[in-house]
Structure formats: structure tokens, C-alpha cells
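J.: Below you will find the structure I want to go over with you.
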Ligand SMILES: [Fe+2]
Ligand SMILES: [Fe+2]
């Protein structure tokens, strides 16, 4: 029982960075599939859920299960510095995700809101790509 409880988060959150990016693009496409001012409530819900489970959840997984082991392995100052940079980037990305989540929570969005959302989502996608590249240098084969 204890083993099952311990491993459940791993199954849930162990999406690779490239899978996170692919899912992000799919959510982005669903959000902006139409030119209507109102964003589909279902696509917004799915995107919020994706953020919570696979973006913030992915960060939490790395913070809890990847970084402590890397730091304890005594791999040197470069690795410690890279982990610190990635953690800082998690904080910045989490802030962006929270801002987008708040925007997605609006029942109805104006055209200007949709335009802002599109720009912010695109920026987040680019930021996630840069983040993934940072991590690929540090632990290419782990996550
Ligand atoms: Fe990652
Ligand atoms: Fe990360």
C-alpha cells in the first residue's frame, strides 16, 4: 500500500519535457482554433488542468525527485549552479502559468483578452522550450 502511494505521483508527473511541449502546443491550438472572441470554456479548462498537472506537477516532480539526488551526488559546482538556475526558472515559469491560469478563469474574454492570451501563451511556449534546453544539458536521459 505504502509503495503504491509513494509511486503514484511518479506515474502521474513523469512526462518528458518534449511531451510537455507537445501537449502545450496541442492546448494552444485548441484554445485558438476559432477566431471568435470567446475562448472555448472546455479548451480553457483543459489548458488549466494541463498547467496544474503537467507543467506545475512536472516542476514539483523535478524539485522533489531529481534535483536533490543530483545535488547529493556531489557532481560539482557547475551542476549545483545549473540546478539553482533551473529552480529559479521554475519560479519564473510558475508565475507566468499562474497569471495565465487567472486569465483562463474568466468566463468570457474580450477580443483584447484573447489577443493578450495568445501572446502570453506563445511567450510561455518559448520559455518552456528554453527551459527544456537548459535541462537537457543537465539531465538529458532522465526526464
Ligand atoms: Fe523538465
Ligand atoms: Fe524543469
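Read the figures in this text as sums done on the coordinates, not as results from a lab. Quantities reported herein were computed from a predicted structural model and do not represent experimental measurements. Neighbour counts run over all protein chains shown; Cβ positions are idealised from the backbone, glycine included.
J.: Most exposed first by the Cβ proxy, i.e. fewest other Cβ within 10 Å, how do 131, 65 rank?
T.: Ordered from fewest to most neighbouring Cβ atoms within 10 Å, 131, 65 come out as 65, 131.
J.: Packing-wise, with mean Cβ within 10 Å as the measure, how do 21-27, 76-82, 91-97 rank, highest first?
T.: Ranked from most to least packed, the peptides come out as 21-27, 91-97, 76-82.
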